[in-house]
Structure formats: structure tokens, C-alpha cells
Amino acid sequence: MKVLKLIGIIILCIVVLIVILLICLSRMSALTKDYIKKIETGGDIEAKYLGAGSYEVSYYEEAAVQVFEKYEIYYPKELETEDKVYPVIVVCNGTGWKASKSKPIYEHYASWGFIVIATEETHSWNAFGAEMCIIHLQRLNDNQMINDKKNVFYQKIDFDNVGIIGHSQGGVGVINAITNTEHKNIYKTAVALSPTNKELSQALEWPYNATLINIPIMLISGEGGGDDWVVTGEGMTAIYDDIPADKVMLRRKNTDHAKTQYSEDGYVVAWFMWQLQSDEEAAKAFIGENAEIMNNEMYQDQRSDFHE
């Protein structure tokens, strides 16, 4: 009994230390606009989609009654005048990390033709914020006027092409959004950046079940130079092996947990361009014998279920 009690105390101490580290990460400064210029790339496709897209970006926000304060939407400015629909990326924040601290990332996504919606939610594991984002998008799509003003999003949202992304605790939120919410079937694809490993998630009471995933998903974490302690290679492999759907896994070398939020943006954009905009050039990063991710020396432990 004494041994079991000691083990329990040690596990509790480890969990507390990890929570403290996550909180410290949440207090880091917001990203600057030139963050993409500081990222090294190891392939032409990665480099292309790390660069800015061709769309000028606009921003819209609306207060929310919920604890996450507001909805923040980045979108191609042409949406305001063009008669067409645009694909969507929903964001799940990491622990203590508000979306307003990642503005340059979402502007980058939007510059490639996406509507990007996020909130100030700081505890995203259960995907509540993501679910509310979908409900809010439906409201925007269905109403010509919002708060007595013309609504630029009216009939402009492509609900056939909705993706979701999240980092750390937000990676857990991604898995729960696509497996355990009312609108889970609205998602076409997902990206989980350093999702909290299964054991730690259970200890933190953030349960998820990757065996229920039925859409294509990309898993990315960091390795080396400060291993990604939230999900090590072993932990990532365990999640990957649980997933019955098509999936990709890769770990970026010399990248710690905090930096995995943005260091792989070239492939994140390429993934969503392929999955949500049918971009054949972007697809070459992930499929075929010469898939770029499999030969990129910036990464290791690459695995893929995709074939030609």
C-alpha cells in the first residue's frame, strides 16, 4: 500500500509540474507578423505554403456570452464582394493560450482563401468552443443582417469543406470535436499539433478516443532540442495506431512543444489546401512514393496511410 501511495504521489507531482509548464507557455508573448520568415523549410512544397497566399485578409469579431469572450474571424477580403463560398478552419486553443495571441498564424491561413474562426477559450479539451464556432458560423451564413448591420458572411460559408486544428490541449479538443460533438460530422479533415498523450490526458481528466476518428487527420509534434514532452514519439505513435481513418504523422526535429504551434505551418496550409480546396500540388507533399514529407530532412518518424 505504501508503494502504491508513493507512486500515486509521484504521478500527481508530475502532472502538477506539467500543468505549471503549460501555464508558463501560455504566458509567452504573442507571435509577430514575421514569424514565417524565421522558420526553416526542407522542401519546395513546404516553402511555398509557408509563404503568404494571394488573398488580402480582413478581420471580424463578435462578442460572445460564453466565457471565451468573443468569436474572432479572419477571412479573404474579397468575400465581401464575391458571390461564392469559402472553406473553413476552426481553431482549438492550447492551454491558457488565447487566439488573439496567434493572429499572424490565422492571417496566414486566411491569405490562402480560408475563413478562420477562433475564440479566447483557454480550456479547449472538450471542444465546447469549437462546437460554438460551428453554431456561430451557421448563424452568420443564414442571416442577411446581424445586429442590425449587413452581414458579409451571408451564404458565403462552405460547410462541405470544414477543417479543424488545435495545439496541445487544443489537439485533444480537435479529436473530441470530430468524434464527440453534435456537429462532429460537419468536419472533413483535421490537424492535431502535439496533442496531449493519452496517459497525461487521462490524468488531467481530458479524455478522448482516437479510435472513433473517421476523417483524414495529420498529427505533428516536435523532437530533439527539447523533446515534445506533452507527446513523445512513443505517445504520438500510440495515438496514430489508434486511428482507423487515413492519417499522416511526422515529428519536426529540434522543435520543442511551444514551437510546434507554428513551425510546421507550411505543411499545415498544404494539408488544408489539399483536403479543403483540392489543390493537387499541395497533395504531393503527402501522397505517392515521393511524398515530400517522407524525404524532408527537417522531420523524422514520418508515417502515412495515403497512397496514389
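The values are calculated or read from the model by the stated rules, or taken from the named source; none is laboratory data. As the structure is a prediction and not an experimental result, all values here were calculated from the model. Every residue, glycine among them, receives a Cβ derived from its backbone with ideal geometry; neighbour counts consider all protein chains shown. The accessibility values were calculated without ligands, DNA or RNA, using every heavy atom of the protein model including side chains. Shrake-Rupley method; radii C 1.70, N 1.55, O 1.52, S 1.80 Å.
Summary of values
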{"item": "Cut-off under 5 Å, modelled amide H: who pairs with His257 long-range", "result": "Trp229"}
{"item": "Flagged links, alpha-carbon separation over 24 Å, of Lys84/Lys150; Lys149/Lys188; Lys48/Lys156; Lys48/Lys247; Lys103/Lys284", "result": "Lys149/Lys188; Lys48/Lys156; Lys103/Lys284"}
{"item": "Distance between modelled label sites at Asp305 and Val67, nm, 7 Å Cα→Cβ extension", "result": "3.4 nm"}
{"item": "Lys, Arg +1 and Asp, Glu -1 on Cβ, resulting dipole of the chain about Cα centre, debye, nearest 20", "result": "960 debye"}
{"item": "Surface accessible to a 1.4 Å probe, per residue, for the residues of the chain, Å²", "result": "45 Å²"}
{"item": "Pair Glu205, Asn290: separation of 7 Å Cα→Cβ label points (nm)", "result": "5.4 nm"}
{"item": "Extension gain from Gln155 to Gln138, taking 0.36 nm per residue of separation minus the Cα-Cα distance", "result": "5.2 nm"}
{"item": "Gain in span if fully extended, Glu56 to Thr237, counting 0.36 nm per residue against the direct Cα distance", "result": "61.3 nm"}
{"item": "Highest average packing first - 248-261, 58-71, Cβ atoms within 10 Å", "result": "248-261, 58-71"}
{"item": "Average Cα contact separation per residue, the stretch 141-198, under 8 Å, 6 or more apart, as relative contact order %", "result": "34 percent"}
{"item": "Phi-based couplings in Hz for the stretch 50-59 (Karplus 6.51, -1.76, 1.60; Gly and Pro marked x)", "result": "6, x, 5, x, 8, 8, 6, 10, 10, 9"}
{"item": "Cβ charges +1 (Lys, Arg) and -1 (Asp, Glu), total dipole of the stretch 264-304, debye", "result": "120 debye"}
{"item": "Within the accessible area of the chain (1.4 Å probe), percent carbon and sulfur", "result": "51 percent"}
{"item": "Cα-based helix-to-principal-axis angle, 233-242 vs the chain, degrees rounded to 10", "result": "60 degrees"}
{"item": "Relative contact order for the stretch 25-118, counting Cα pairs under 8 Å that sit 6 or more residues apart, in percent", "result": "37 percent"}
{"item": "Length added when fully stretched, Glu297-Asp83, from 0.36 nm per residue minus Cα-Cα", "result": "72.8 nm"}
{"item": "Between the stretch 266-308 and the stretch 159-221, the alpha-carbon center distance in angstrom", "result": "19 Å"}
{"item": "Modelled FRET efficiency - R0 25 Å, Asn254 with His123, Cβ distances, 0.05 increments", "result": "0.25"}
{"item": "The chain: relative contact order in percent, alpha carbon pairs under 8 Å with at least 6 residues between", "result": "16 percent"}
